[in-house]
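The values are calculated or read from the model by the stated rules, or taken from the named source; none is laboratory data. Quick caveat: nothing in here was measured; it's all calculated off a predicted structure. All Cβ positions, even for glycine, are placed from backbone atoms using ideal geometry, and neighbour counts span all protein chains on display. Heads up: the accessible areas ignore ligands, DNA and RNA and are worked out on the full protein's heavy atoms, side chains in. Shrake-Rupley method; radii C 1.70, N 1.55, O 1.52, S 1.80 Å.
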Amino acid sequence: MNLIANWSYPTAIRFGAGRIAELPEACAQAGVTRPLLVTDRGLAALPITAQALDVLEAAGLDGARFAEVDPNPNDQNLAAGIAAYRRGGHDGVIAFGGGSGLDLGKMVAFMAGQTRPVWDFEDVGDNWARADASKIAPIVAVPTTAGTGSEVGRASVLTNSQTHVKKIIFHPQVLPKVVICDPELTIGMPQAITAGTGLDAFAHAVEAFSSPHYHPMSQGIALEAMRLVIDNLPLAYADGTNVAARANMMSAAAMGATAFQKGLGAIHAMSHPIGAVFNTHHGTTNAVCMPAVLDLNAPAIRDRFDRAAPYLGIKHGYDGFRALVQEFNDRFAIPRTLSELGVDPARIPDLVTMALDDPSCGGNPVPLTRANLTDLFTSNM
């Protein structure tokens with residue numbers, strides 16, 4: 001085992017019910033006086049967005065809103081967001097929403113001052129060093145779902161609208177300066193989104209825990225994140241007003257995203273191209289892929305899940321955990337096949353090629369090949 005690694009942990013987080021009221025203080029802490037609130041189209045007209053803007057206005061902050069964000073954000077959304085940022089003379093971004101709003105908001109703050117195309121900063125090697133760090137605007141992140149964990153991440157996922165390929169864009173200063181995690185903002189999430197985002201957080205923790213890379217701190221965080229999801233997602237799904245369950249799911253989301261700096265794997269290598277080509281919900285896609293990926297990885301991960309199972313409240317070790325994953329998918333009305341998500345089996349060769357190019361491949365405990373990825377996609381149809 002190579003005991004050499006680079007570790008990084010999240011930013012300042014204001015956690016707790018009602019803390020959206022502290023949004024002006026968070027902006028001041030980040031040095032933002034003219035924020036642009038970036039969110040997605042679905043959230044734009046909801047009361048929680050109006051609440052955030054009202055809080056800003058009451059504090060004398062001239063907040064504006066940009067909401068031209070697709071469920072899988074792309075370079076066209078980014079160009080429009082940059083134009084709005086520059087036109088409004090803004091000096092920082094409030095990234096507000098689920099993964100799409102958070103990821104796009106972070107990219108607007110990152111790219112508004114850059115001169116190179118965004119693809120020059122793909123998370124490969126030291127591409128991030130090409131950026132002019134002095135031109136990156138500060139970010140305040142406000143998640144309104146409990147899944148992606150993008151609020152504590154140093155990267156965003158962006159789809160190329162021409163090639164329909166998802167790319168991870170990275171820079172250390174994309175990490176938000178301040179995060180407000182207010183579980184009351186997630187109360188209105190419908191059951192399907194509660195399930196999809198919650199299982200996204202679960203996938204992050206499962207893949208981080210399974211990754212062969214050396215990162216014992218992230219390993220511990222991943223284990224506790226799994227426990228929080230197992231204990232609280234059924235409660236949040238059954239009763240969306242359960243603030244304690246919502247709060248624990250918000251914690252699990254941030255923890256899963258923190259943990260996956262240890263690595264992701266085949267679940268995400270598959271779901272990234274599927275989402276880019278077929279515009280599927282990312283967390284739901286992860287959930288559909290998870291059982292087959294666990295089966296592939298079983299020889300490499302069985303022992304660690306055998307040890308983890310008692311802490312997770314699961315009998316029969318890895319086998320009990322594998323059974324729970326399918327039980328969760330069925331309980332939360334997750335489709336059993338990719339075909340039910342609208343994936344065309346004829347595109348499997350293309351999806352395999354895209355998956356092999358995805359950086360998540362490197363964190364899978366079983367090396368990924370064209371043959372075993374083809375089997376994964378085919379078995380999930």
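At a Förster radius of 22 Å, what calculated FRET efficiency corresponds to the Cβ-Cβ distance of residue 79 and residue 29, to the nearest 0.05? My answer for the efficiency is 0.15. Could you give the angle, 0 to 90 degrees to the nearest 10, between helix 243-259's Cα long axis and the longest principal axis of the Cα atoms of the chain? Orientation of helix 243-259: about 80 degrees from the principal axis. Placing one equal scatterer on every Cα of the stretch 239-327 and applying the Debye formula, the log10 ratio I(q)/I(0) at q = 0.13 Å⁻¹ is -0.55.
Where Lys and Arg each count +1 and Asp and Glu each count -1, what net charge lies around residue 141 among other residues with Cβ under 11 Å from its Cβ? Residues near residue 141 contribute +1 overall.
Rounded to whole numbers, the Karplus 3J(HN,Hα) couplings from phi for the stretch 143-154 are x, 10, 10, 10, x, 5, x, 4, 5, 10, x, 9 Hz, using 6.51 cos²θ - 1.76 cosθ + 1.60 with θ = phi - 60°, and x at Gly and Pro. Between the stretch 193-220 and the stretch 101-116, the C-alpha centres lie 26 angstrom from each other. Solvent-accessible area per residue in the chain equals 39 Å², computed with a 1.4 angstrom probe and all protein chains kept.
Between the helical axis of 99-111 and the longest alpha-carbon principal axis of the chain there is an angle of about 50 degrees. Taking the alpha carbon gyration tensor of the chain, multiplying each eigenvalue by 5 and rooting it gives semi-axes of 32, 23, 19 Å, largest first.
Total Lys pairs in the chain closer than 17 Å by alpha-carbon, pairs eight or more apart in sequence or interchain only? Don't skip to the answer; put the middle values down first.
Numbers: 106/135; 106/166; 106/167; 106/177; 135/177.
Close lysine pairs found across the chain: 5.
Simple spin-label estimate for residue 279 and residue 235 gives 3.7 nm between the two label positions (7 Å along the Cα-to-Cβ direction from each Cα). Apolar share of the accessible surface for the chain: 54 percent from carbon plus sulfur atoms, 1.4 Å probe.
How large is the dipole of the stretch 305-373 about the Cα centre if only Lys and Arg carry +1 and Asp and Glu carry -1, each at its Cβ, rounded to the nearest 20 debye?
Working: 7 positive and 9 negative charges, 48 e Å.
Around 240 debye, computed over the stretch 305-373.
Once the chain from residue 46 to residue 326 is taken as fully extended at 0.36 nm per residue, the excess over their C-alpha distance is 97.5 nm.
Full extension of the chain segment joining residue 300 with residue 124 gains 60.7 nm, where the gain is 0.36 nm per residue of separation less the Cα-Cα distance.
Among 341-350, 191-200, sorting by the average number of other beta carbon atoms lying within 10 angstrom of each residue, highest first, gives 191-200, 341-350.
Farthest towards the positive end of the charge dipole of the chain, among the residues 314, 179, 12, is the Cα of 12, using unit charges on the Cβ of Lys, Arg, Asp and Glu. I'd like the distance between the alpha-carbon centres of the stretch 312-349 and the stretch 162-189, rounded to an integer number of Å. Value for the Cα centre distance between the two parts: 25 Å. For the chain, the longest principal axis of the Cα atoms and the long axis of helix 47-58 meet at an angle of about 30 degrees.
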